[in-house]
1. Per-residue HN-Hα couplings for region 14-31, Karplus 6.51 cos²θ - 1.76 cosθ + 1.60 at θ = phi - 60°, whole Hz, x for Gly and Pro?
2. Could you run the Karplus curve 6.51 cos²θ - 1.76 cosθ + 1.60 with θ = phi - 60° over region 40-47 and give me ³J(HN,Hα) per residue in whole Hz, x for Gly and Pro?
3. Percent of Cα-Cα pairs more than 13 Å apart in the chain, please.
Amino acid sequence: MVENRLTDVESTIAFQEKTIGELSDVICRQQEEIDLLKAQVKNIIERMAHDEEEALPGEALPTLEPPPHY
């Protein structure tokens, strides 16, 4: 009886350790993706700011209007 309970506890701990390891891997991959997305957004913002600076006075910047069929 005691051996069965001990085996069950050991099994539960092993399962939890495996799950924690898998979750840790997922979090690491998500953080890498977040860092990449942040870098891409920063790059886009910098390009947009540069385009605004380069625009001639009175020149209209392109707008994001929906196509005429909307």
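Please treat every number below as a calculation from the coordinates, not as lab data. Predicted model only: the values in this text are computed from it and were never measured.
1. Ordered by residue, 3J(HN,Hα) equals 4, 5, 5, 4, 5, 5, 4, x, 5, 5, 4, 4, 4, 5, 4, 5, 5, 5 Hz.
2. Computed from phi, the couplings for region 40-47 are 5, 5, 4, 4, 5, 4, 5, 5 Hz.
3. Percentage above 13 Å: 79.
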